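K.L.:
I have a structure I would like to understand better, so I am pasting it below and will then ask my questions one at a time.
Please treat every number below as a calculation from the coordinates, not as lab data. Bear in mind the structure is a predicted one, so any value in this text is a computation, not a measurement. Here Cβ is always computed from backbone atoms with ideal geometry, including for glycine, and neighbour counts include all displayed protein chains.
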Amino acid sequence: MTIVGSSRKHAWIRGWTTTSKLGLFGLLLLAAGCQGGSPPKPNQALPKPLPELAQRVKPGHEKARLVRIDVYGAGAVDAAGTRVVLLFEGAPLFHQRQLPPQGILPARIAIELEDAEWGETVPVSQLVERGGLQRVRLATPNPRVVLDLQPGASGRVFYLTDPYRIVIDVSVATHSRRKRRPLVVLDPGHGGREPGAANDALGLVESQVALDLAELTASRLRAIMPRTRVMLTRSTDVDLSLEERCALANAMEADAFVSIHLNASSEPVRKGGVTTFVLDTTNNRQALRLAARENGTRVAEVTGIQGLLAKYHRQHQAEGSLTLAGKIQRHTLKRGRSVLPKLSDRGVRRAMFYVLVGARMPSVLVEASFLTYEPEARALTRRNYRRALADGIASGIASYLLAR
Ligand SMILES: [Zn+2]
């Protein structure tokens, strides 16, 4: 990769072209504040941009097409942030510019697209007025997507692949450390058209088992920590994008985000076990394969994208995530072993799960058992084992919240 330019005004990169048939996508990670064409006012707190910028570019000059703009996290009036996801066909080169307030214009983040166009169904302007985001709009003549920010808001930009999407996380500086009840967001993995892993012989589907575990965990957590608020990212069998799951936790200023999954292997496994993951880089082949499956992408994409995204995450809440992971791992094993004494401890591991990228609170992903390991799959058909795992996850979260 070649960094072409980076400054306080704006930052961009023209990346390498690749002849690999699969390597059509790229990654870029930028931190953004209200910085731009004129010197910032002294009272503006400006987050520093991250130094690493990288982008691989699709060879040739086919126009990429912006097909959708999704805004997540704007449901609540007092949302602490929003996430805007630009979904593309193709992978455009882009620059981001941070612009300070100018006359009647508010502070803005502009995503300038090269060799790109947008579909007719993409709205020219969407009024949001929540979570630091005033409006998302399309602008010309140089095609760009502009986010008008509310006062005091800032943003971070990164991108994910398969399909290619540019993600802009907008957040509002929270002034008051007001005493409030802790909030835990539980995220049952998959759902809708993405059922996840399965054990056909026993009729087990990951999305359903994960939802059941999340509901059991929620009710257990409410029982042992009555002051704690618990939310689920989904309560039915619906489609939910990876980006939306963590956007909800960010908007609600959650204290912990726990994504619940069941593991599986295409090869026969001699032992199953419990694993709790934090977001980080890994060279471990199993972890890479698992992340690729959970992300709905390829191992090559995970390998390519993981370094910068993990660093972005690490700088924010790696320590809390490791503590939370350790406690969930220990408690889940302990409770699980009350039903399956030989339940294996696969430990706390690192992997690049897209669902955790951008989370602004300690966040982990639990693979609670193996759907493809016979003893655990059989146990998962029974209520007592599911309840034991859920009790363990809840106890781990409670232990983390109490120790903060
Ligand atoms: Zn999964």
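K.L.:
When Lys and Arg each count +1 and Asp and Glu each count -1, what net charge do the other residues less than 12 Å away from Gly155, Cβ to Cβ, add up to?
P.N.:
Details: positive: Arg83, Arg97, Arg108, Arg156; negative: Asp148, Asp169.
So the environment of Gly155 carries a net charge of +2.
K.L.:
Would you list, by chain and number, the aspartates and glutamates whose Cα falls below 16 Å from the Cα of Lys334, excluding same-chain residues fewer than 8 positions away?
P.N.:
Once the sequence-local aspartates and glutamates are set aside, what remains near Lys334 is Asp345, Glu367, Glu376, Asp391.
K.L.:
Can you list residues whose amide H is under 5 Å from Ser259's amide H, if they're 5+ apart or on another chain and H is modeled 1.01 Å from N?
P.N.:
Here the answer is Asp187, Val364, Leu365, Val366, since their amide H atoms fall under 5 Å of that of Ser259.
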